[in-house]
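Note sheet for the following structure.
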């Protein structure tokens, strides 16, 4: 097995963890604020909160107490909630529902923001690629793809991203298996380590060119393999 240097270095992983946790904690704070905001404004007699706001005198928990004796506890609960959240409803169901909707928006936004940065951390740690004979394996966030480079059609591609005002393009190998339809993209640069070293490029070229014949597709792949050997890609 030949490991390819497409994963993150230790320094890059540490940087991803720091920035991801920092940004994720901000998103988590926004989500918590949104939940608290929505909880404070959502009318208590609306579904589904109405399911938990039944008359205590009908629960049968304290049959010796009359309905009037439950008023202090309900009032205390409302006062306690307001003192903890620091937010009071407006008294208008329409306005309260509007504010509750705003709170749910912030809750959803904060949750998605946090999950996106947590997935970035996981992707940084899981990113890897290796050659096992002529079969290339690329591990992503959720699964590992593989394809036999000796039988697949391989051509050069590029992965382009915009960073601020700059457009950064990373060369890739795009492989597709004509028999199964499987596809695989292999970056020819690490996440921050630059172009793959010559010995790894030669290993890819050898895997691509093994057993090739004289068809047009094979000639294209053999030419690409030669470019990998000479560093022309």
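Coordinate-derived values only; no laboratory data. Source: prediction; values computed, not measured.
Can you tell me the length gained on complete extension of the stretch residue 142 to residue 118, counting 0.36 nm per residue apart and subtracting the Cα distance? Write down the numbers at each step before the final one.
Details: separation 24, 0.36 × 24 = 8.64 nm, distance 1.32 nm.
Gain in length upon complete extension: 7.3 nm.
Mind checking the full-extension length gain between residue 102 and residue 215? Use 0.36 nm per residue of separation minus the Cα-Cα distance, one decimal, nm.
The residue 102-residue 215 span can extend by a further 34.5 nm.
Quick one: grab the alpha carbon gyration tensor of the stretch 128-230, order the square roots of its eigenvalues as a ≥ b ≥ c, and give me rounded if a/c is under 1.5, else prolate or oblate depending on whether a/b is larger than b/c.
Details: a/c = 1.68, a/b = 1.45, b/c = 1.16.
Taking the square roots of the gyration eigenvalues as a ≥ b ≥ c, the stretch 128-230 is prolate.
On a full-extension model of 0.36 nm per residue, what is the gain between residue 179 and residue 230, subtracting their alpha-carbon distance, rounded to one decimal in nm? If you can, show how the numbers build up before the last one.
Working: separation 51, 0.36 × 51 = 18.36 nm, distance 3.01 nm.
Stretched out fully, the residue 179 to residue 230 stretch lengthens by 15.4 nm.
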